Amino acid sequence: MKSYKFHFFVLIIALTSLEGFSQGQLVVGSVFEDFYRREQLLGKLDSSVSFLIRPIHRKNLADHSLKNSSLKLNKDKSKIRLLPLTSRSRYLQKHPYGWNDGSLLPLSGYQQLVSAGFAGKIGILNFQIQPEFHFAQNLDFQGIPLDMPEILWRRYYQSQINVIDTPESFGEGKIEKFYLGQSSIGLEIGPISLGWSNQNLWWGPGMRNSLVMSNNSRGFQHLTLNTNKPVNTPLGSFEFQIIGAKLENSGFDPPRPNLVSTDGNFLFRERDEDWRYLSGITAAYQPKWIKGLSLGFSRVVQQYSQIAKDNNDYLSSFSNFFRNNDALDDIFRDQLASIFMRYFSTKTQSEIYFEFARNDAAFDFRDFFLEPNHAAGYLFGFRKLFPAFQSKSQFFEGGFEWTILSQSSSRIIRNGGTFYVHSQVRHGYTHRGEILGAGIGPSSNSQTLNINWVSGLNKIGLTLERVTRNEDLYIDLFRDIQDFLRPWVDVSAFLNASWQFDNLILEGHFGFIKSLNYQYQIHRTAGFLPGFVDVPNFSAGLNMYLIL
């Protein structure tokens, strides 16, 4: 009973908190971030903000109709502002679906994330203290069938479990935990900031997915050197971020961890439980001569922390761009890199964007030009606003995003490995059991279509989505029988809305997902006719913000 009283108390506070917008950074994935990006298409926001490196500092954003509340210190340049105590709730009826939820987890049942705090600036010291509290029912759900034949279990462990730390479940029973959340502290000297952060990051132009860095997992601790606003030069404006980060393991066992094969060996291979050090860099450039165009790149390299210490290797994202430069002691490093672009036009009120990533480095330039699609991932998207009802403040919004992470046909001769998986670091590109890049997961593909009516922060719309789950795993499991009826595909339809009631903003979704061949299952019946295992699923969510 005390636990429920506490949750109710936290929820009440969430509805009576203050938010200031001129200090700190916008939380990645918030309703305000999407609002400002749309405002840029309408010509109401500085065009030099690329939206390629996030979170975005609030001082780069116009206040528009958002009201402020501040607690000023003695000096004019010193301010402390209360940040939102926001409430984010999710419910999934049967099994996990959805991503880009930060500290929320891929679970079944109800869960809620509450955050609060304050941000301020005292001289050159900038800080944002915004911890989070997470509650989740964490109900049981059907995972991969436990009665699979041994040969499929052996391939499942070889292709998935032993090379990436993405547990099927996150323990048993309810979860009640506090996290550091979206907190940061640093020194700000002009357009450059140096400090420590636990915030979620997003690198790249994508809106539904990002190939290298997204808010799919919980925020992670990192040291950062970054621009807090675009740096203008005679050639155009530049933004960048350099991080040294601590990635942690999930600590949860896979299904059937004690399974023994017919040869007497355990299928599960124990991993090095040392935490991983991640070196990362991203940069964006806007040419002076082409307004609205932004170009960028990102690169991350991870290795177990003890190896980084032994080799004094903390800036590995700056070295060995090609495999022919690798020394023998580099065999424990794993890297991921991408290039991207975004172009928007206020005249057409539209934007188009693209990202290309490699899950592994090419051997040299020759190798890259021979097979640029080897171990590659792609993301393409666009969005356009159309005036609605002859109004200057209402629009119809159409958007589409396509993400491809499955291997190309070159895998027949040269297997590039599953995206986000590499043999050197067997936890994969994860933090606390979740992918740091595209939330659709390793070797998955997605197509997302959005149709909305928008006016300021108000939005009502429909999202249609198709996701093909881990195609590499599907091929590895069933390559012998070549059963083309088994791909696991999720198709979904969601109604989405956000609405501003004076100082209160509500944002929610309500939708239906049908998982075709859930967990690659299919049953053969008499006459060898397929008996499909299709699982219907329901999801709903509600976010609440209060601005005073």
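The values are calculated or read from the model by the stated rules, or taken from the named source; none is laboratory data. Predicted model only: the values in this text are computed from it and were never measured. We place every Cβ from the backbone using ideal geometry, glycine too, and count neighbours over all the protein chains shown.
Beta carbons closer than 6 Å, at least 6 apart along the sequence or on distinct chains, pair a first residue in region 45-58 that is assigned to a loop (DSSP other than H, G, I, E, B) and buried (at least 20 other Cβ atoms within 10 Å of the Cβ) with a second that is polar (S, T, N, Q) and modelled with pLDDT under 95 for V49/N60; P55/Q25. Of the strands (runs of 3 or more DSSP E) lying entirely inside region 89-164, those containing at least 1 residues that are within 20 Å of the chain's Cα centre (by Cα) and closer than 27 Å to S30 by Cα span 109-122, 132-136.
Kindly check whether there is at least one residue in region 4-22 that is in contact with a Gly (Cβ under 7 Å, 6 or more places away or on another chain), hydroxyl-bearing (S, T, Y) and either modelled with pLDDT of 70 or more or surrounded by fewer than 21 Cβ atoms within 10 Å (Cβ to Cβ) (or both). Step through it out loud before you land on a result.
The first filter runs over region 4-22 and keeps only residues in contact with a Gly (Cβ under 7 Å, 6 or more places away or on another chain), leaving none.
Taking every residue of region 4-22 in turn, none turns out to be in contact with a Gly (Cβ under 7 Å, 6 or more places away or on another chain), hydroxyl-bearing (S, T, Y) and either modelled with pLDDT of 70 or more or surrounded by fewer than 21 Cβ atoms within 10 Å (Cβ to Cβ) (or both).
Could you check region 233-243 and list, in sequence order, the residues that are among the hydroxyl-bearing types (S, T, Y) and buried (at least 16 other Cβ atoms within 10 Å of the Cβ)? Scanning region 233-243 gives a single hit, S237.
Per-residue answers, yes or no, for (1) touching a strand residue (DSSP E or B) at 6+ places or on another chain (Cβ under 7 Å); (2) surrounded by fewer than 18 Cβ atoms within 10 Å (Cβ to Cβ); (3) among the basic types (K, R):
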{"residue": "G219", "(1), (2), (3)": "no, no, no"}
{"residue": "L225", "(1), (2), (3)": "yes, yes, no"}
{"residue": "V231", "(1), (2), (3)": "yes, yes, no"}
{"residue": "A245", "(1), (2), (3)": "yes, no, no"}
{"residue": "F252", "(1), (2), (3)": "no, yes, no"}
{"residue": "S261", "(1), (2), (3)": "no, yes, no"}
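Condition first: closer than 19 Å to P487 by Cβ, under 20 Å from the mean Cα position of the chain (by Cα) and among the small types (G, A, S). Now tell me which residues in region 404-438 satisfy that. Selection gives S406, A438.
Specify the residue that is farthest from the chain's Cα centre (by Cα); the eligible residues are those in region 501-517 that are in contact (Cβ under 8 Å) with a residue 60 or more places away in the chain and part of a strand (DSSP E or B). Write out each step before concluding.
Residues of region 501-517 in contact (Cβ under 8 Å) with a residue 60 or more places away in the chain: 503-505, 507, 513, 515.
Next, from what is left, pick out any that are part of a strand (DSSP E or B): 504-505, 507, 513, 515.
Details: L504: 26, I505: 23, E507: 19, I513: 20, S515: 22 Å.
Filtering region 501-517 for residues that are in contact (Cβ under 8 Å) with a residue 60 or more places away in the chain and part of a strand (DSSP E or B), the one farthest from the chain's Cα centre (by Cα) comes out as L504.
Does P167 satisfy the condition of being within 26 Å of L473 (Cβ to Cβ) and either within 23 Å of the chain's Cα centre (by Cα) or of a type in the set (S, T, Y) (or both)? Explain how you work it out, then say what you get.
Numbers: within 26 Å of L473 (Cβ to Cβ): yes; either within 23 Å of the chain's Cα centre (by Cα) or of a type in the set (S, T, Y) (or both): yes.
Yes.
Identify the residue in region 444-496 that is among the small types (G, A, S), assigned to a strand (DSSP E or B) and over 21 Å from the mean Cα position of the chain (by Cα) and, among all such residues, is surrounded by the most Cβ atoms within 10 Å (Cβ to Cβ). Per the criteria, the residue is G461.
Scoring D502 on the criteria (1) at pLDDT 95 or above; (2) surrounded by fewer than 20 Cβ atoms within 10 Å (Cβ to Cβ); (3) among the charged types (D, E, K, R); (4) within 29 Å of F386 (Cβ to Cβ) leaves a single failure, condition (1).
Number of residues in region 121-136 that are surrounded by fewer than 18 Cβ atoms within 10 Å (Cβ to Cβ) and small (G, A, S): the value is 1. Restricting attention to region 248-291 and to residues that are more than 22 Å from F332 (Cα to Cα) and charged (D, E, K, R), the residue that is modelled with the lowest pLDDT turns out to be D263. Does region 137-149 contain at least one residue that is under 18 Å from S250 (Cβ atoms), surrounded by 17 or more Cβ atoms within 10 Å (Cβ to Cβ) and without any contact (Cβ under 8 Å) to a residue 40 or more places away in the chain? Among the residues of region 137-149, at least one is under 18 Å from S250 (Cβ atoms), surrounded by 17 or more Cβ atoms within 10 Å (Cβ to Cβ) and without any contact (Cβ under 8 Å) to a residue 40 or more places away in the chain, which makes the answer yes.
W202 fulfils the conditions (1) closer than 16 Å to H134 by Cβ; (2) surrounded by 15 or more Cβ atoms within 10 Å (Cβ to Cβ) except for a single criterion, (1). Does S193 fit the bill of being touching a strand residue (DSSP E or B) at 6+ places or on another chain (Cβ under 9 Å) and within 21 Å of A116 (Cβ to Cβ)? It is false that S193 is touching a strand residue (DSSP E or B) at 6+ places or on another chain (Cβ under 9 Å) and within 21 Å of A116 (Cβ to Cβ).
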